[in-house]
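Down below is the structure, laid out as structure tokens.
The values are calculated or read from the model by the stated rules, or taken from the named source; none is laboratory data. The model shown is predicted, which means the values in this text are computed figures rather than measured ones. As a convention, Cβ positions derive from the backbone with ideal geometry for all residues, glycine included, and neighbour counts pool all protein chains shown.
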Amino acid sequence: MDKLIVNAESVGERLDAYIASKLNSISRTNVKRLVEDGNIVVNGRVQKVSYKVQENDEINVEIPEAKELDIQAENIPIEVIYEDSDIIVVNKPKGLVVHPANGNWDGTLVNAIMAICKDSLSGIGGEIRPGIVHRLDKDTSGLLIIAKNDKAHLNMSEQIKNREVKKIYYALVRGVIPENEATINMPIGRSTKDRKKMAVTKDGKEAITHFKVIERFPKYTLLEVKIDTGRTHQIRVHLSEIGYPVVGDEVYSNGKNEFGVHGQLLHAKSLDFKHPITGKQMHLEAELPEEFSNVLKRLRG
């Protein structure tokens, strides 16, 4: 149990912002969850996260013990690009779901990480699990950062939220893009026609994608893609919207691909970020998957 007494300097701050600033081990998102669960009380009463704190308010914060999840460790081959006592960065293969959910309780990246990290797992949110701080779609390959402890998890989450993590993807798209580089700024939200899909919508969330042409082929273009925001399926939705869908995308591309690939040729190739504990600038890369490379060889041949 943590007890906080509000001083005059903090009067008027939102409850979630105040607690997050005083307790470095907890984010505003987790403050909200704790408030909803009744684990945070102000002067003995539960308040909304928007409550403005007053001088001499007594705030009690109870963080529940992390509970074990029934997720089994599995020896799934995963290429580890970097690992230390705080983070692990892996090269996720295409076809691997990141986190267990309905219909995918095993055979996921988390199951693989459980086997690699053993007891070194983040307990953020009141459950013991690998600290998945960002995700990749099932059929997108490439670099993924996992936090091993809560401090690293919170720091990486903040870096991503503040757009301080630079992610570069490679994508092979159908069609020959005439521009050498461009930016797509279109809001993305849930499709009104198919709730399983995302789409460019007026009331969607801001989504910004930058691309640069690496190589042009007859009927195809290889792109380097950077994203400022991390909306679900963002790159795939944006490129499809402007008429250049990612090759192999079975959701946002209506045409068949002549290469017979299953799942999009989209790869998270490099990451630049600050180490969440040491502050050291990190640059990591993952080679293109064999399938992706083979398609490029065919196009170049």
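Of note:
- Of residues in the stretch 30-43 being free of Cβ contacts under 8 Å to residues at least 60 places away in the same chain and part of a helix (DSSP H, G or I), the one nearest to residue 10 (Cα to Cα): 31
- Leading residue by the ranking (farthest from residue 94 (Cα to Cα)) among those in the stretch 253-272 that are within 20 Å of the chain's Cα centre (by Cα) and of a type outside the set (D, E, K, R): 271
- So residue 227, is it in contact with a Lys or Arg (Cβ under 8 Å, 6 or more places away or on another chain), touching a residue at least 60 places away in the same chain (Cβ under 8 Å) and surrounded by 17 or more Cβ atoms within 10 Å (Cβ to Cβ): yes
- For the criterion of being more than 21 Å from the chain's Cα centre (by Cα) and in contact (Cβ under 8 Å) with a residue 60 or more places away in the chain, residue 87 fails.
- Scope the stretch 146-155; condition assigned to a helix (DSSP H, G or I) and of a type outside the set (D, E, K, R); matching residues: 152, 153, 154, 155
- Residue within the stretch 201-215 that is among the aromatic types (Phe, Trp, Tyr) and in a loop (DSSP other than H, G, I, E, B) present: no
- Inside the stretch 273-301, residues that are of a type in the set (Val, Ile, Thr) and within 23 Å of the chain's Cα centre (by Cα) make up a count of 2.
- Taking the stretch 5-29 as the range and being over 22 Å from residue 154 (Cβ atoms) and without any contact (Cβ under 8 Å) to a residue 40 or more places away in the chain as the test, only 9 passes.
- Restricting the stretch 246-257 to residues that are at negative phi and modelled with pLDDT of 85 or more, the residue that is surrounded by the fewest Cβ atoms within 10 Å (Cβ to Cβ): 250
- Any hit, the stretch 147-161, residues being of a type in the set (Gly, Ala, Ser) and at pLDDT 95 or above: no
- Extreme residue, nearest to residue 218 (Cα to Cα), among residues of the stretch 178-196 that are assigned to a strand (DSSP E or B) and not aliphatic (A, V, I, L, M): 181
- Of residues in the stretch 135-180 being among the charged types (D, E, K, R) and in contact with a helix residue (DSSP H, G or I) (Cβ under 7 Å, 6 or more places away or on another chain), the one surrounded by the most Cβ atoms within 10 Å (Cβ to Cβ): 148
- Total residues in the stretch 197-224 satisfying the condition of being among the polar types (S, T, N, Q) and either buried (at least 22 other Cβ atoms within 10 Å of the Cβ) or more than 23 Å from residue 135 (Cα to Cα) (or both): the figure is 2.
- Odd one out for residue 270, checked against (1) among the small types (Gly, Ala, Ser); (2) within 27 Å of residue 163 (Cβ to Cβ); (3) in contact (Cβ under 8 Å) with a residue 40 or more places away in the chain; (4) part of a loop (DSSP other than H, G, I, E, B): (4)
- Among the residues of the stretch 26-40, those that are β-branched (Val, Ile, Thr) and either surrounded by fewer than 17 Cβ atoms within 10 Å (Cβ to Cβ) or touching a Leu at 6+ places or on another chain (Cβ under 6 Å) (or both) comprise 29, 40.
- Within the stretch 41-51, tally of residues that are under 23 Å from residue 150 (Cβ atoms) and out of contact with any Leu (no Cβ under 7 Å at 6 or more places or on another chain): 1
- Among the residues examined, residue 221 does not qualify as at pLDDT below 95, in contact with a strand residue (DSSP E or B) (Cβ under 8 Å, 6 or more places away or on another chain) and assigned by TED's automatic domain parsing to the domain that holds residue 179.
- Among the residues of the stretch 156-177, those identified as touching a Lys or Arg at 6+ places or on another chain (Cβ under 9 Å), assigned to a loop (DSSP other than H, G, I, E, B) and not β-branched (Val, Ile, Thr) are 164, 175.
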